[in-house]
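Participant: What follows is a structure written as structure tokens; I'll ask about it next.
The values are calculated or read from the model by the stated rules, or taken from the named source; none is laboratory data. Since the model is a prediction, treat every value here as computed from it, not as a measurement. Methodologically, a virtual Cβ is constructed for each residue, glycine included, from the backbone with ideal geometry; neighbour enumeration extends over all protein chains shown. Ligands, DNA and RNA are excluded from the accessible area calculation, which covers all protein heavy atoms including side chains. Shrake-Rupley method; radii C 1.70, N 1.55, O 1.52, S 1.80 Å.
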Amino acid sequence: MQAKTFYHYDVLNDLVTHACIAPYRTSELTLASHWIEELPVDSIAIYDRYYSTFKMFALHSWQESERKFVIRAKDSLEFVKRFLKTGKVSQVIELAPTQASISGLRQSGFATDSSTRIRIRLVRVELQSTTEVIATNLWQEEGFENDMFGDLYFRRWGVETNISKLKNTMQMESFSGLTVESVEQDFYATVMMSNLHSILIRDAQVQLDRDTSTKKYPKRSTGTNPSEN
């Protein structure tokens with residue numbers, strides 16, 4: 001039995017704010033595009049390279065209230081190659097849709113053709129061993145300076161930590177039954193327990209900080225496996 005899961009994860013508060021489970025063959029891009037309008041208007045959605053498509057850029061920008069995004073762009077994309085050749089740190093460009101993007105956006109209810117254009121900002125992020133290019137609709141004139149994007153994108157790794165917790169600590173894949181209902185119940189129950197676990201750790205950390213405020217080295221609450229409590 002195989003399934004595919006999708007999350008919106010609050011990296012600042014270590015909480016899953018939305019989760020769904022779907023048939024394994026469901027595209028991750030399909031799952032992501034269906035839930036963009038559920039993103040809080042004041043949030044910034046951070047994605048890895050797999051999501052660097054015209055459709056994803058458009059669906060965030062064309063909502064009734066625009067949703068802000070930060071997406072690491074694939075190195076193989078032509079507009080990324082052209083940007084890197086300029087040597088610039090930041091550049092605003094206009095993108096034209098591919099035929100696949102036109103078809104996908106029409107399925108999502110957006111009338112699009114080859115003359116449609118979308119405006120995005122590209123930002124170069126230099127790391128120790130590689131160069132990343134970030135695609136975003138966070139504009140410099142809004143106060144989002146170039147040097148902010150390295151740290152901003154790095155926050156996405158909180159997602160990987162949470163997935164590891166769900167799979168290894170919480171044993172999400174150890175289902176109590178084989179029916180669709182059993183799998184769904186176990187999945188959503190595990191997500192709820194993971195959130196509760198994060199809340200309890202946060203409260204415990206506040207108490208530790210209060211109790212050790214005069215100590216030379218701070219203590220950190222790591223939590224325990226909820227199944228052991």
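Participant: Report yes if some residue within region 155-173 is out of contact with any strand residue (DSSP E or B) (no Cβ under 8 Å at 6 or more places or on another chain), open to solvent by less than 80 Å² (accessible area, probe 1.4 Å) and under 21 Å from HIS60 (Cβ atoms); otherwise report no.
Facilitator: The answer is no, given that none of the residues of region 155-173 is out of contact with any strand residue (DSSP E or B) (no Cβ under 8 Å at 6 or more places or on another chain), open to solvent by less than 80 Å² (accessible area, probe 1.4 Å) and under 21 Å from HIS60 (Cβ atoms).
Participant: Further, regarding this structure: Among (1) in contact (Cβ under 8 Å) with a residue 60 or more places away in the chain; (2) out of contact with any strand residue (DSSP E or B) (no Cβ under 6 Å at 6 or more places or on another chain); (3) more than 20 Å from GLU64 (Cα to Cα), which single condition is PHE149 missing?
Facilitator: Going through the list (1) in contact (Cβ under 8 Å) with a residue 60 or more places away in the chain; (2) out of contact with any strand residue (DSSP E or B) (no Cβ under 6 Å at 6 or more places or on another chain); (3) more than 20 Å from GLU64 (Cα to Cα), PHE149 breaks only (2).
Participant: Let me ask you something else. I need a count of the residues in region 76-99 that are in contact with a helix residue (DSSP H, G or I) (Cβ under 7 Å, 6 or more places away or on another chain) and either open to solvent by less than 50 Å² (accessible area, probe 1.4 Å) or not aliphatic (A, V, I, L, M) (or both).
Facilitator: Qualifying residue count, region 76-99: 6.
Participant: Return yes or no: is VAL70 at pLDDT 95 or above, within 23 Å of the chain's Cα centre (by Cα), under 19 Å from LEU31 (Cα atoms) and among the aliphatic types (A, V, I, L, M)?
Facilitator: In short, yes.
Participant: Turning to a different aspect of this structure: Which condition does ASP75 not pass, out of (1) within 14 Å of ALA135 (Cβ to Cβ); (2) not in a loop (DSSP other than H, G, I, E, B), if it passes all the others?
Facilitator: Here ASP75 clears every test but (2).
Participant: Kindly check whether there is at least one residue in region 137-149 that is outside any loop (DSSP other than H, G, I, E, B), open to solvent by less than 40 Å² (accessible area, probe 1.4 Å) and touching an Asp or Glu at 6+ places or on another chain (Cβ under 6 Å).
Facilitator: no
Participant: Oh, and also: Please give the number of the condition ASP113 fails out of (1) modelled with pLDDT under 95; (2) charged (D, E, K, R); (3) not in a loop (DSSP other than H, G, I, E, B).
Facilitator: It is condition (3) that ASP113 fails.
Participant: Out of all the residues in region 126-136, which are open to solvent by less than 90 Å² (accessible area, probe 1.4 Å) and either in a strand (DSSP E or B) or touching a residue at least 12 places away in the same chain (Cβ under 8 Å) (or both)?
Facilitator: Within region 126-136, LEU127, THR131, GLU132, VAL133, ILE134, ALA135, THR136 qualify.
Participant: Residues being over 12 Å from the mean Cα position of the chain (by Cα), of a type in the set (A, V, I, L, M, F, W, C) and open to solvent by 50 Å² or more (accessible area, probe 1.4 Å): count how many of those fall in region 36-59.
Facilitator: Adding up the residues that qualify gives 1.
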